[in-house]
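Asks: Here it is, the structure, as structure tokens.
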Amino acid sequence: MTSIPDSHRDLLNAQIAVLGTIGASGRPQLSAIWFLAEGDTVKLSLNTARQKVKNLQGNPGASLLIVDPANPYRYLELRGDAEISPDPDYVFADKVGAKYGADPRVHDQPGHTRYVVTIRPARVNAVNMRG
């Protein structure tokens, strides 16, 4: 696993990241998401109804982009393979909900389940074009 440089570690506290996955057609799909960082690892809470879960089940390759809201020329991109594990009791989902002051259950329909998606970066791009 590659580490995130101290110069961009603050971006792991951002409110929104963009997750890139590859669909069955081979085309990319991008989604703005909530996330939690634990060291150099980023975790997401996604439900089974979302296309990005289906994409990651078919191809675990993922890219996560976090743009500095104060300086759009500064960003952090994490590339790696996503690991997907069930979160049926919402243990991790509730941690994400606490960060955002929201209950993830309101986004789920009956029959949907939650997954923890873990991305451990194999490649890190820390960019500051005005630095």
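Asks: Under the condition of being among the charged types (D, E, K, R) and closer than 17 Å to residue 19 by Cβ, which residue from the range 48-80 is surrounded by the fewest Cβ atoms within 10 Å (Cβ to Cβ)?
Replies: 54
Asks: Looking at the range 38-47, is at least one residue under 28 Å from residue 130 (Cβ atoms) and either assigned to a loop (DSSP other than H, G, I, E, B) or modelled with pLDDT under 95 (or both)?
Replies: Within the range 38-47, one or more residues are under 28 Å from residue 130 (Cβ atoms) and either assigned to a loop (DSSP other than H, G, I, E, B) or modelled with pLDDT under 95 (or both).
Asks: Evaluate the following for residue 79: is it charged (D, E, K, R) and either under 14 Å from residue 115 (Cβ atoms) or free of Cβ contacts under 8 Å to residues at least 60 places away in the same chain (or both)?
Replies: yes
Asks: Given the condition free of Cβ contacts under 8 Å to residues at least 40 places away in the same chain, surrounded by 13 or more Cβ atoms within 10 Å (Cβ to Cβ) and over 19 Å from residue 116 (Cβ atoms), answer yes or no: does some residue in the range 31-42 qualify?
Replies: No: zero hits.
Asks: Same structure again: Can you confirm whether residue 6 is loosely packed, with under 15 Cβ neighbours inside 10 Å, closer than 13 Å to residue 124 by Cα and free of Cβ contacts under 8 Å to residues at least 12 places away in the same chain?
Replies: yes
Asks: Restricting attention to the range 81-130, and to residues there that are aromatic (Phe, Trp, Tyr) and surrounded by 15 or more Cβ atoms within 10 Å (Cβ to Cβ), which single residue is farthest from residue 19 (Cα to Cα)?
Replies: Per the stated criteria, the residue is 90.
Asks: Moving on to the next point. Scan the range 79-100 and give yes if some residue there is modelled with pLDDT of 95 or more, touching a Pro at 6+ places or on another chain (Cβ under 7 Å) and basic (Lys, Arg), otherwise no.
Replies: Checked the range 79-100: at least one residue is modelled with pLDDT of 95 or more, touching a Pro at 6+ places or on another chain (Cβ under 7 Å) and basic (Lys, Arg).
Asks: Can you report the number of residues in the range 83-131 which are under 16 Å from the mean Cα position of the chain (by Cα), under 22 Å from residue 49 (Cα atoms) and charged (D, E, K, R)?
Replies: Selection size over the range 83-131: 5.
The values are calculated or read from the model by the stated rules, or taken from the named source; none is laboratory data. Bear in mind that the values here come from a model prediction, so they are computed numbers and not experimental data. In this analysis, Cβ positions are derived from the backbone assuming ideal geometry, glycine residues included, and neighbour counts consider all displayed protein chains.
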